[in-house]
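The values are calculated or read from the model by the stated rules, or taken from the named source; none is laboratory data. Predicted model, so just to flag it, every value in this text is computed and none were measured. Note that each Cβ is placed from the backbone with ideal geometry, even for glycine, and that neighbours are counted across all protein chains shown.
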Amino acid sequence: MSDAQSGQDPAAQPMVDVIVVGAGLAGLCAANSLQARGRRVLVLEARDRIGGRVYTRRTASGEPVEMGAQWLNPGHDHMFALVERAGLELVAPMLGDSAVMLEGRVARVAPDPDSKRTGMTPFEVADLGQGLLRLHHLSDRVNDNEPWAEANSAWLGQPFDRWMRSNLRTPGGKAAFQHVLGRAVGLISPESTLIETLHRVAGRDLDSLAAVNAGLQQRRVKGGMAQVCEFLAEPLADQVHLGAVVASVTVGDAAITVTTAEGESFTARDVIVAVPPRVVDAITFEPALPEWRSDLVREVPPGNVIKAALIYDTPWWRERGMSGQVGTDAGPLRVMSDSSNVGSTLGVLTGFFEGPEASGLGRWTVSLRERTFTDTVHTVFGADVPTPLEYVDVDWSSERFTGGCHGAHFAPSVWTAVASSLGAPEGHVHFAGAEYASRFTGYLEGALRSGKEVADRITKR
Ligand SMILES: Cc1cc2nc3c(=O)[nH]c(=O)nc-3n(C[C@H](O)[C@H](O)[C@H](O)COP(=O)(O)OP(=O)(O)OC[C@H]3O[C@@H](n4cnc5c(N)ncnc54)[C@H](O)[C@@H]3O)c2cc1C
């Protein structure tokens, strides 16, 4: 077969079995798994580091700080198994009260002493807070606006459980919400309607509701999540090329040629595109990918998050009996958590600027973002907190090779109707990544499962 027939560039490197585009968790998992089964693989990574949205950054103070993915939750079984295989240790969240700030009022949320679980993720704290707030507003409305309650009696007659499931987003937030309500107003039977529950909640203030809660499980990796990626990359050694921005993928009759922006070409039988769906468009495919793929991805709003960290000479919030977990309902910084490293004397508070505020703040200077973070810390904990040693952040929406985070949010109907087909291969061009996973979409667990599934599919073929 001639080079022209195979689609091969004469200057190309020796052909491998599989080229993986992107050394994030999904790409590394796929490459590692294929190599373990005897396939020759090559990984082309655009950045000068592996990991993608897993990014443990060493700050000027020498602290490893998670600027990307950090938490593992119950059900993330493949991730837990991988962490164990890598010989890494898991860290439980700090015990202590969380803070929920709603409508300018700060409530301390104590961990449940009866629970075997330890602490909540910041997202769960925020979810719990939003759920409580909605319930309160609804309760006020029902009591203060009889004509409205009358007009909406059918809706108010729905099972309370259904309302809760559609108004809280995280399993942990829902479990804590049920626990908080149970402790505050007594057992809510499964048959209770929304209106019955609203009557029981009426007149109770937020603080009395939030004064108790169930702690929930979450874990992070001691020393940083990036070690998981390093573990997967280790056996791949020189087969991972950093700074290799893939510009085009050309499918020939018997081989696929992948060319970088620098003009280097590589050939393989199969290619796994393990980059976030919205940056796939930056790669030219020959023949072109079906248009519905990019149409669908364009429909999905990219997340917009800046992850930030304040580093202190001590985790001072612990002395106040606080866990460092904070959820707020307003302002640009909605969640915070204690991300201090085990064995370090320094204190690390991480926080997320999210949504429209994050897009505005992305255009601000770093010092203004730092100021916004410290102002929120003052509002929640009081003005008498120490001055931080350092501030760091990553604006993920301005990261060219990520294009927003945490990931694409497909609406449920969009997901079931079409988005699940996004993960299907186009001939010998395969797709892997957190957004292609049918379970744990957008999470580390989803990325890992997706990488493994693609590797299995290629091996079986
Ligand atoms: C701030 C933040 C916090 C998060 N927190 C959590 C958490 O606590 N728990 C959790 O489970 N998940 C979390 N996530 C989500 C999690 O990080 C992702 O689901 C997961 O890391 C995605 O892995 P991936 O391999 O699919 O994609 P990525 O990690 O995005 O990897 C894609 C790789 O492709 C590379 N690439 C892109 N374009 C090209 C190109 N043209 N050529 C070559 N290479 C290219 C990129 O540089 C990148 O390395 C978080 C994400 C962010 C950003």
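Beta carbons closer than 9 Å, at least 6 apart along the sequence or on distinct chains, pair a first residue in the range 376-388 that is over 19 Å from Thr59 (Cβ atoms) with a second that is loosely packed, with under 12 Cβ neighbours inside 10 Å and of a type in the set (Gly, Ala, Ser) for Thr379/Gly104.
When Leu44, Leu28 are screened for being touching a His at 6+ places or on another chain (Cβ under 6 Å) and over 28 Å from Asp338 (Cα atoms), only Leu44 passes. Leu448 passes every criterion in (1) within 16 Å of the chain's Cα centre (by Cα); (2) surrounded by fewer than 17 Cβ atoms within 10 Å (Cβ to Cβ) apart from (2).
Just one of the numbered conditions (1) over 28 Å from the mean Cα position of the chain (by Cα); (2) within 13 Å of the ligand (Cβ to nearest atom) is not true of Arg269: (2).
Pairing residues of the range 417-436 that are closer than 24 Å to Gly404 by Cα and assigned by TED's automatic domain parsing to the domain that holds Glu286 with residues that are modelled with pLDDT of 95 or more and among the polar types (S, T, N, Q), at Cβ distances under 9 Å and at least 6 apart in sequence or on separate chains, gives Gly423/Ser450; Phe431/Ser450; Ala432/Ser450; Gly433/Ser450; Ala434/Ser450; Glu435/Ser450; Tyr436/Ser450.
For the range 343-368, a residue qualifies if it is within 22 Å of the chain's Cα centre (by Cα) and under 19 Å from Ser61 (Cα atoms), and the qualifying residues are Val348, Leu349, Thr350, Gly351. Pairs, please: C-beta under 6 Å, at least 6 apart or cross-chain, first residue of a type in the set (Lys, Arg) and in the range 321-342, second surrounded by 24 or more Cβ atoms within 10 Å (Cβ to Cβ) and outside any strand (DSSP E or B)? So the pair list comes out as Arg334/Ala126. Being out of contact with any Gly (no Cβ under 7 Å at 6 or more places or on another chain), within 14 Å of the ligand (Cβ to nearest atom) and of a type in the set (Asp, Glu) is the requirement here; does Asp295 meet it? Taking the combined requirement at face value, the residue does not satisfy it. Against the list (1) of a type outside the set (Gly, Ala, Ser); (2) surrounded by 24 or more Cβ atoms within 10 Å (Cβ to Cβ); (3) in a loop (DSSP other than H, G, I, E, B), the condition Asp48 fails is (2).
All conditions in (1) surrounded by fewer than 19 Cβ atoms within 10 Å (Cβ to Cβ); (2) at pLDDT 90 or above hold for Ser420, with the sole exception of (2). Within the range 51-73, the residues that satisfy the criterion of being assigned to a loop (DSSP other than H, G, I, E, B), more than 17 Å from Asp395 (Cα to Cα) and in contact (Cβ under 8 Å) with a residue 40 or more places away in the chain are Ala60, Ser61, Glu63, Trp71, Asn73.
Looking only at residues in the range 22-45 that are more than 10 Å from the ligand (Cβ to nearest atom) and not in a helix (DSSP H, G or I), the one that is nearest to Gly403 (Cα to Cα) is Leu42. Counted as qualifying within the range 162-249 are the helices (runs of 4 or more DSSP H) with 2 or more residues that are at pLDDT 95 or above and of a type in the set (A, V, I, L, M, F, W, C), namely 226-233.
Assess whether Gly157 counts as being surrounded by 21 or more Cβ atoms within 10 Å (Cβ to Cβ) and either over 30 Å from Ala23 (Cα atoms) or at pLDDT below 80 (or both).
For Gly157, the condition - surrounded by 21 or more Cβ atoms within 10 Å (Cβ to Cβ) and either over 30 Å from Ala23 (Cα atoms) or at pLDDT below 80 (or both) - is not met.
Just checking, how many residues over the range 59-103 are within 12 Å of the ligand (Cβ to nearest atom), touching a helix residue (DSSP H, G or I) at 6+ places or on another chain (Cβ under 7 Å), at pLDDT below 90 and under 23 Å from Tyr391 (Cα atoms)? Here the count works out to 0.
Given the condition surrounded by fewer than 15 Cβ atoms within 10 Å (Cβ to Cβ) and touching a residue at least 40 places away in the same chain (Cβ under 8 Å), answer yes or no: does some residue in the range 249-270 qualify?
The answer is yes; a qualifying residue exists.
Tell me the strands (runs of 3 or more DSSP E) entirely within the range 277-356 that contain at least 3 residues that are at pLDDT 90 or above.
Qualifying strands (runs of 3 or more DSSP E): 284-286, 305-312, 347-354.
Within the range 384-417, the set of residues being part of a loop (DSSP other than H, G, I, E, B) and modelled with pLDDT under 90 comprises Gly403, Gly404, Cys405, His406, Gly407, Ala408, His409, Phe410, Ala411.
Taking Ala247 as the residue in question, decide whether it is within 15 Å of the ligand (Cβ to nearest atom) and in the same structural domain as Val41 (by TED's automatic domain parsing). The answer is yes for Ala247.
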